[in-house]
1. Got the relative contact order for the chain handy, in percent, Cα pairs under 8 Å and 6 or more residues apart?
2. Compute the long axis of helix 186-196 from its Cα atoms, compare it with the longest principal axis of the Cα atoms of the chain, and write down the angle in degrees, 0 to 90, nearest 10.
3. If I take R0 = 35 Å and measure r between the Cβ atoms of Gln115 and Ala51 in this structure, what FRET efficiency does the formula 1/(1 + (r/R0)^6) give, to the nearest 0.05?
4. When DSSP assigns beta bridges and you keep just the ones with both residues in the chain, what percent turn out antiparallel, to the nearest 5?
5. Could you give me the ³J(HN,Hα) list for segment 84-90, computed from phi with Karplus coefficients 6.51, -1.76, 1.60 and θ = phi - 60°, whole Hz, x at Gly and Pro?
6. Equivalent-ellipsoid semi-axes (√(5λ), Cα gyration tensor) for segment 1-154, whole Å, largest first?
7. Taking 4 °C and 1.567 mPa s as the conditions, I'd like the Stokes-Einstein D for segment 50-121 in µm²/s, using the Kirkwood hydrodynamic radius from alpha carbon pairs.
8. With N set to the residue count of the chain, report its C-alpha Rg divided by 2.2 N^0.38 Å to two decimal places.
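Bear in mind these aren't lab numbers, they're just calculated from the coordinates by the rules spelled out. Computed from a prediction, not measured in an experiment: that's the story for all the values here. For neighbour counting, all protein chains shown are included, and Cβ atoms are generated from backbone atoms with ideal geometry for every residue, glycine included.
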Amino acid sequence: MTAKPERLHIQLSGATRRELGLARGEALRSTLAASYAKYAELFRVLGVTEALEREGVERTLAALKGWRPEVIAEFEGIAEAAGVDFAQVVALNARTEILALAPRASSECSTATAQIDGRRFGVQTWDWHIELDPFWHTQEIAGPGHRYAGLTEQGILSKIGVNSAGLALHFNILGHRDDRPDGVPMHVLSSIVLAECGSVTEAIELIREAPVTSSSAFTMLDAARAVSVEMSPAGVFVIEEREGSVQRTNNFQSDVPLAAQKSEIYEPDSSARLALVRERLAAASVADTTAMVQLLVTGEGQPPLTCPCVSGLGESTGS
């Protein structure tokens, strides 16, 4: 059996977002073009044409220009140092928003938080397309604001992470019928939250003022609080922890966005996964981090909290 290659880990630093972009582009120079090519293939398979992708890029840039123009400079730095087209970098970072234009769906993730000995912990699966497995990595970022570390995909600023102030962020996609690429991309918003916010409360305040036109949930925790924040074109809705835990899959839990949910995308799978996690939490206390991981391990005949690794674009990888 061939040994699996070691997962890439990058460490980036810069005094400005453009400098961070240049550092990221240099670190990913040999692989970023291939990452975009695989995403372009996924877009087409799921029904997003080249014209729709270009339109999504243009609308995303217009939103960022009025909210955080320094992020555009970061994208430019990535493209310049990696030797790829600027629009490809934008498309990667707006992949959630561009995929919202697709008539077909992808499998997704499960998340839970718990309190162990008075401390809060979070755990998440990230179930995504196996063809994209070579193009994710871990990272450490030291730029303007808080330092943060986490997991993301090639060329994408941020996904799951924790910052030097002790704020942790988990990421689950949601689907609303009004989703469109006219606001800040969720992967950019993750980066902004981790760099600028020192607590769950600060993060919620920032998210509420961000131009959000697509749907995801950030499940966030610090020493004092754990929440799952549902974002959509219908607004921002905060779900507080109950009995020391927050649980999240890919369906809305708040009534207002739920009324216009794209249920055909993630249901009934998402609700079944959520019910299983809650059943496990009700049946036994979470005594340690090993038990937290077991919350999200799929058993025989159970809903897919972790997806099997199967080949063929459009399928998923358990992670």
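1. On the way: 692 pairs, mean separation 63.2, N = 319.
Rounded, it is 20 percent for the chain.
2. Once rounded, one gets 80 degrees.
3. So, using R0 = 35 Å, E works out to roughly 0.10.
4. Numbers: 42 of 48 bridges.
If we restrict to bridges inside the chain, about 90 percent are antiparallel.
5. 10, 6, 4, 5, 5, 5, 4
6. Sorted largest first and rounded, they come to 25, 22, 18 Å.
7. Working: Rh = 14.6 Å.
Estimated diffusion coefficient is 89 µm²/s.
8. 0.94
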